[in-house]
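Remarks on the structure that follows.
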Amino acid sequence: MATVTPDSPDTAHAPEEHASAGGHAHPSNWLYVKVAIYLALLTAFEVFTYFETVHGWGDTAIIIMLVIMMLLKFFLVVAFFMHLKFDSPIFWRLFVFGLILAMAVYMVMLTAFRFW
Amino acid sequence: MTAEAPAHTEEHHTSTGLSNEKLAMWVFLGSECLLFCGLISTYMFNKGRIGDDDVGPNDVFDIPFTSVSSFVLLMSSLTMVFAVSSIARGDLRGNRIWLATTAALGATFVAGQVYEFTAFYSEGLGFTTNLFGSAFYALTGFHGAHVTIGIVMLMSLLVMSMRGNLGPERAETVEIIGLYWHFVDIVWIVIFTIVYLFPQ
């Protein structure tokens with residue numbers, strides 16, 4: 001019988017990766033749940049920085065913390081949910097090339113407009 | 001336990017040995033980075049360009065509400081990977097349930113965005129009120145349009161599945177649409193931090 005539970009008993013203690021569609025390894029559903037828990041916790045910490053209790057830390061410290069948490073969340077989704085950690089490195093290079101190109105172009109643009 | 005997809009584990013017969021469709025999706029997502037980086041930097045540049053009496057971010061943003069929306073979109077990524085893994089296992093019923101759940105969570109996010117836009121407009125922030133408003137609506141509106149397109153693609157998969165046209169041999173189609181969905185999610189991760197949470 002088909003099952004829709006994210007962690008059915010027969011897979012609950014399986015290794016965290018298994019070969020699947022596309023010929024590359026896929027993480028187990030339990031690993032996905034763990035990643036989602038980390039994402040939820042990071043989001044909770046991010047929202048926590050918005051409230052008055054941490055405003056004494058200074059804007060620069062808060063921005064640095066938020067950027068670190070944002071990058072962690074970004075990496076978790078790209079590496080695990082989008083399977084880049086388990087897929088061909090060509091996909092990783094293509095995506096990172098687009099991302100770095102975009103960031104470089106707009107950093108130059110913001111610098112040209114004296115944003116910093 | 002359900003079986004692995006039998007017809008999808010062989011090497012792709014392309015010059016790279018990789019799926020051309022998946023490669024095309026990654027190239028497309030790389031190019032989408034340019035679009036969203038442009039919109040985000042435009043927002044960063046213009047968010048402070050408001051008059052003394054103008055409506056600004058501190059006047060309209062409702063962080064608890066947007067945090068819940070963000071959480072909903074994050075969880076839709078989890079249900080999307082369940083949809084991908086269920087079809088790879090040949091679990092068609094599970095695949096339909098997870099696709100429908102992902103589409104429902106996406107629709108909840110879009111509904112939240114529509115509510116947010118309506119509330120902001122009633123508080124005096126229109127698209128042409130000031131540069132902050134224009135940049136904010138352009139950025140979040142483009143993102144919302146992407147989520148809506150994602151929902152349409154998910155519903156199309158669901159209809160294909162109902163008609164029996166989406167079996168384990170087409171697991172890669174679900175995976176490619178999943179890539180688009182996760183991309184929309186990571187864009188929101190960046191927007192939520194930079195637009196809503198950065199100290200104004």
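Computed packing ranks the peptides A:82-94, B:84-96 as B:84-96, A:82-94, most packed first, by mean other Cβ atoms within 10 Å. Taking 26 Å as the cut-off for C-alpha to C-alpha distance, list the pairs among A:Lys85/B:Lys22; B:Lys22/B:Lys47; A:Lys34/B:Lys47 that go past it. Among A:Lys85/B:Lys22; B:Lys22/B:Lys47; A:Lys34/B:Lys47, the Cα-Cα distance tops 26 Å for B:Lys22/B:Lys47; A:Lys34/B:Lys47. Helix B:20-46 and the longest principal axis of the C-alpha atoms of chain B enclose an angle of approximately 10°. For peptide A:87-99, the mean count of partner chain Cβ atoms within 10 Å of a residue's Cβ comes to 6.
Only the coordinates and a few stated rules stand behind these numbers; no lab work does. All figures in this text were calculated on a predicted structure; none of them were measured in a lab. All Cβ positions, glycine included, derive from the backbone under ideal geometry; neighbour counts span all protein chains shown.
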